[in-house]
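Asks: Here it is, the structure, as structure tokens.
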Amino acid sequence: MIRRLACWLGLAAFFLVVACGGEPPAPPAGGGPALWRIEGKGLDGWLFGTIHVLPDGVKWRTRTIEDAIGSADRLVLESAEIQDQAGTLAQFEKMGRSPGLPPLEARVPGEDRAALEEIASDGGASVRALSGYESWAAAMLLSAAAQQALHISQDHGVEPALIAAFRDAGKPIGGLETVERQFRAFDTLPEAAQQRLLVDTVREAKDMRALYGRILKAWIEGDIATLAQEDRMGEEPDPAVEKAVLVDRNRDWVKAVEALKGRPFIAVGAGHLAGKGNLEEMLQASGYRVTRVQ
């Protein structure tokens, strides 16, 4: 489930906010967020596992990361289109809405309907308004609503800082996929899988702060094993969702990486680098040398 949330935060970063109580964590001495060197096929770059939304004050840019950013000749994100917030929102509206959908409350079990109403209301939305969205899109908006109720800004994520650093250096910024491809991973899920996402989102909303705290601690420490372990906790992941949202996209990203040359700094959500079907193992299987450097 933690890998789904990590991916969720990436796709919905343009309308998500997240809170983390207490003092912002810092990397341990001599360590920090996971970073790999990737070499082969005309490429000598870096693979960085990001967290898309952060509380203010997190000091994640270690010397090793700074050196990699300075040595890279370009930034490669999951999608470069995240820089276009209006375009991303328009794509979400286009793909996330459909006519003639059943009421949203009819898509969750009776025992979850009160929680559904509460999440929507606390986030300033209504279940009736959300009923115009397909189940995957409604789940994404409900996740945003649950976190917006915490009243914390989402302006401190890794990607904006990386974009600013590479822009200031006059280096190009590209992506491994389009925003349309990102949303299509959810949009093409069977309705049963979409409704499971919806129900899981409702049930997990009350524990969002604690869950995010665990994600953040593991990420800042570069603890990929814990991220993978958290993924095995709680509800059993839906195989259809895991395949569409994580594994299939990772396979597509390997093809995109094979088109790269030079010294790219490739930054993707850490959820794609943990557990079964992770990106670094797929890159190794494709003939790249992938070495953990932090």
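The values are calculated or read from the model by the stated rules, or taken from the named source; none is laboratory data. This one's a predicted model, so the numbers in the text were calculated from it and none came from an experiment. Glycine gets a Cβ as well: all are built from the backbone with ideal geometry, and neighbour counts include every protein chain shown.
Asks: Among residues belonging to the stretch 64-113 that are closer than 19 Å to ASP187 by Cβ and hydroxyl-bearing (Ser, Thr, Tyr), point out the one that is modelled with the highest pLDDT.
Replies: Once the filter is applied, the top-ranked residue is SER98.
Asks: Give just the number: which of (1) hydrophobic (A, V, I, L, M, F, W, C); (2) in contact with a Ser or Thr (Cβ under 7 Å, 6 or more places away or on another chain); (3) farther than 24 Å from ARG61 by Cα does ALA218 not satisfy?
Replies: With (1) hydrophobic (A, V, I, L, M, F, W, C); (2) in contact with a Ser or Thr (Cβ under 7 Å, 6 or more places away or on another chain); (3) farther than 24 Å from ARG61 by Cα applied to ALA218, the lone miss is (3).
Asks: Failed condition for ALA244, given (1) small (Gly, Ala, Ser); (2) in contact with a helix residue (DSSP H, G or I) (Cβ under 6 Å, 6 or more places away or on another chain); (3) in contact (Cβ under 8 Å) with a residue 60 or more places away in the chain, with all others met?
Replies: (3)
Asks: Being over 16 Å from the mean Cα position of the chain (by Cα) and either under 20 Å from LEU43 (Cα atoms) or aromatic (Phe, Trp, Tyr) (or both) narrows it down to one residue among GLU78, GLU66, GLU93; which is it?
Replies: GLU66
Asks: Something else now. Can you tell me which condition GLY170 does not meet? The list is (1) within 22 Å of the chain's Cα centre (by Cα); (2) without any contact (Cβ under 8 Å) to a residue 12 or more places away in the chain, and all the others hold.
Replies: Tallying (1) within 22 Å of the chain's Cα centre (by Cα); (2) without any contact (Cβ under 8 Å) to a residue 12 or more places away in the chain, GLY170 fails exactly one: (1).
Asks: Could I ask something else about it? Going through the stretch 280-294 one residue at a time, which ones are assigned to a helix (DSSP H, G or I) and within 19 Å of GLY42 (Cβ to Cβ)?
Replies: Of everything in the stretch 280-294, those that are assigned to a helix (DSSP H, G or I) and within 19 Å of GLY42 (Cβ to Cβ) turn out to be GLU280, MET282, LEU283, GLN284, ALA285.
Asks: Over 22 Å from LEU35 (Cα atoms) and touching a residue at least 60 places away in the same chain (Cβ under 8 Å), is that true of ASP200? It would help to see each step written out before you state the result.
Replies: Numbers: over 22 Å from LEU35 (Cα atoms): yes; touching a residue at least 60 places away in the same chain (Cβ under 8 Å): yes.
Judged against the criteria, ASP200 is a match.
Asks: Moving to a separate point now. Please go through the stretch 53-83 and give me each residue that is without any contact (Cβ under 8 Å) to a residue 40 or more places away in the chain and among the acidic types (Asp, Glu), ordered by number.
Replies: Answer for the stretch 53-83, where residues must be without any contact (Cβ under 8 Å) to a residue 40 or more places away in the chain and among the acidic types (Asp, Glu): GLU66, ASP67.
Asks: Filter the stretch 227-247 down to residues that are surrounded by 15 or more Cβ atoms within 10 Å (Cβ to Cβ), acidic (Asp, Glu) and at pLDDT below 85 and give me whichever is nearest to GLY42 (Cα to Cα).
Replies: It comes out as ASP231.
Asks: Residues that are more than 30 Å from GLU221 (Cβ to Cβ), at least 2 per element: which helices (runs of 4 or more DSSP H) completely within the stretch 60-167 meet that? Lay out the reasoning, then the answer.
Replies: On the way: elements: 63-71, 85-96, 113-122, 127-130, 135-148.
Because the criterion is at least 2 residues that are more than 30 Å from GLU221 (Cβ to Cβ), the helices (runs of 4 or more DSSP H) in the stretch 60-167 that meet it are 85-96, 113-122, 127-130, 135-148.
Asks: Within the stretch 248-277, take every residue that is closer than 12 Å to LEU47 by Cα, modelled with pLDDT under 95 and not in a strand (DSSP E or B) and give me the one that is farthest from the chain's Cα centre (by Cα).
Replies: Across the stretch 248-277, the extreme among qualifying residues is LEU273.
Asks: Then there is this: Filter the stretch 206-222 down to the residues that are crowded, with 21+ Cβ neighbours inside 10 Å and among the hydrophobic types (A, V, I, L, M, F, W, C) and list them by number.
Replies: Across the stretch 206-222, the qualifying residues are ILE215, ALA218, TRP219, ILE220.
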